[in-house]
Every structure is written in structure tokens, then in C-alpha cells.
1. List, largest first, the extents of the alpha carbons of the stretch 60-143 along their principal axes, each in whole Å.
2. Among 173, 212, 157, which comes first, second and so on when ranked by fewest other beta-carbon atoms within 10 Å?
3. Which distance in Å, rounded to a whole number, links the C-alpha centroids of the stretch 146-205 and the stretch 2-17?
4. Work out from phi, with θ = phi - 60° and the Karplus expression 6.51 cos²θ - 1.76 cosθ + 1.60, the ³J(HN,Hα) of each residue of the stretch 55-72, listed in order in whole Hz, and give x for Gly and Pro.
5. Counting other beta carbons within 10 Å of each residue's own, what order do 169, 176, 211 fall into, fewest first?
6. Find which of 56, 207, 66 sits farthest along the positive direction of the dipole of the stretch 3-215, computed with +1 on the beta-carbon of Lys and Arg, -1 on that of Asp and Glu, about the Cα centre.
7. Using Cβ contacts closer than 10 Å as the measure, can you line up 67, 188, 137, 96 from fewest to most?
8. Work out the charge dipole of the chain with +1 on the Cβ of Lys and Arg and -1 on the Cβ of Asp and Glu about the Cα centre, then indicate which of 29, 45, 98 is farthest towards its positive end.
Amino acid sequence: MDWELARNAFWPILSGGLTGTIPLTLVSFAIGLVIALFVALLRLSPNVILAWIGTAYVSVIRGTPLLVQLFIVFYGLPNLGVVIDPWPSAIVAFSLNVGGYAAEIVRAAILSVPRGQWEAGYTVGMGTARTLRRIVLPQAARVSVPPLSNTFISLVKDTSLASTILVTEEFRKAQEIAAGNPDQILLLYLEAALIYWIFCTALAAGQSALEKRLDRYVAH
């Protein structure tokens, strides 16, 4: 194994993670959370049609591979005259995917809030929307932190699929270097895996710290 190559390749691969993987993860996750909240509320709606729309969305997203979703957005939509550049395509696909998975987490978190909290809001004159925003969602947020954090960490790794639609991120950088050094592919891909592991380990530590902090505000 060429350890000098590994040393020289470390920063370009890490740079791909810092300038590609992490921003792609953050933007997609933020948009995905907004989608998730909207879909979760659709699923909880007493309106049968709205609830069906939310259920159908979750079913489609969770029932199809992320790679296929990426290809549909980037390679498929141009057949309909909709051409999207690689980066926006990746953000669209990842956001929609996160929205489908996180919607069930958000819905379960909202349902975990006791019904009495809703009634308390109504008692003091709050409407449904205000009760949801000021009483229910803050409590649901604490419940949803662990599973949403896991979704976020999974997304960090899933962004490697963006390399298939020409997005320059960490794995794409490793592929580019490996193309010029085919006899060192194993070493370079192991190096990329190490950097992903470092990212995910740091995020897991942050998740643990956040959970402990939030736990202070929960009555035991």
C-alpha cells in the first residue's frame, strides 16, 4: 500500500466531505424536516383525502430505493423537459427521502404527547394551530431527537450516492483519485470510509450530548 499517496489524498477527500458531504446533508435534512412536519400533519388530519395523500407519500418514499429516486430526479425528469443540475437534484432527492422517513418519526412524536396537553391549550383559549405550535411541538421535539439524529447520521452516509449523478462530494473525490491510481483503490476507499466514520462518530457524540441536555427538562 502506498502510504504517501494516502497522506496526500487525505486532505482532498476530507475537503470533499467538508465542502460537499456536510453542506449537502445539512441543507437536505433541513428541507426534509419541513416536508416531514407537513406530511405528518397530513397523516394526522381528520380529512380522509389529506390523510391518504400523506400515507401515499410515505409509502412511495419508503418503498423505493434512494438511488432510484436520485436517478428519477436527475436522469428521468429531463424526459419531461425538467432539467435540474446535479447539486439541486441531489438536494431534491435527499430532501424528499428524509421527508418520507422523518414524517413517521414526527407523527409518532406528536401522538406521544398526552391528549390533556391539547385540552390544556384549548382551555386557555388557544386554537388548534397555536396549541400545536406552542405546546405540542416543543414536547414532541424532545421525543423525536434520538430517531431524527439517527436519520441525520444515516443521511451523511447516504450522500455518497450523489457521486452517481456527478455531485462532487467526499466519495466522488476518492473515486477521482482512485481513477488515477487503480492499484491503490482499496487504500483510498478505506480512507474515505475512515473519514465517513469520523464524521458519524462526531455527530453521534453530539447527539448524545443533546439528548442529555434535553433530558434535564423532562420530569422523572
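Here, each number is a calculation from the coordinates, and none is a lab measurement. Every value quoted in this text rests on a predicted model; they were computed, and no experiment measured them. Positions of Cβ are generated from backbone atoms using ideal geometry, with glycine treated the same way; all protein chains shown enter the neighbour counts.
1. Computed over the stretch 60-143, the largest-to-smallest principal extents equal 54, 22, 18 Å.
2. Lowest count first: 212, 157, 173.
3. Distance between centres, Cα-based: 13 Å.
4. 5, 5, 4, 4, 4, 5, 5, 6, x, 10, x, 4, 4, 5, 4, 4, 5, 4
5. 211, 176, 169
6. Of 56, 207, 66, it is 56.
7. 67, 137, 96, 188
8. 45
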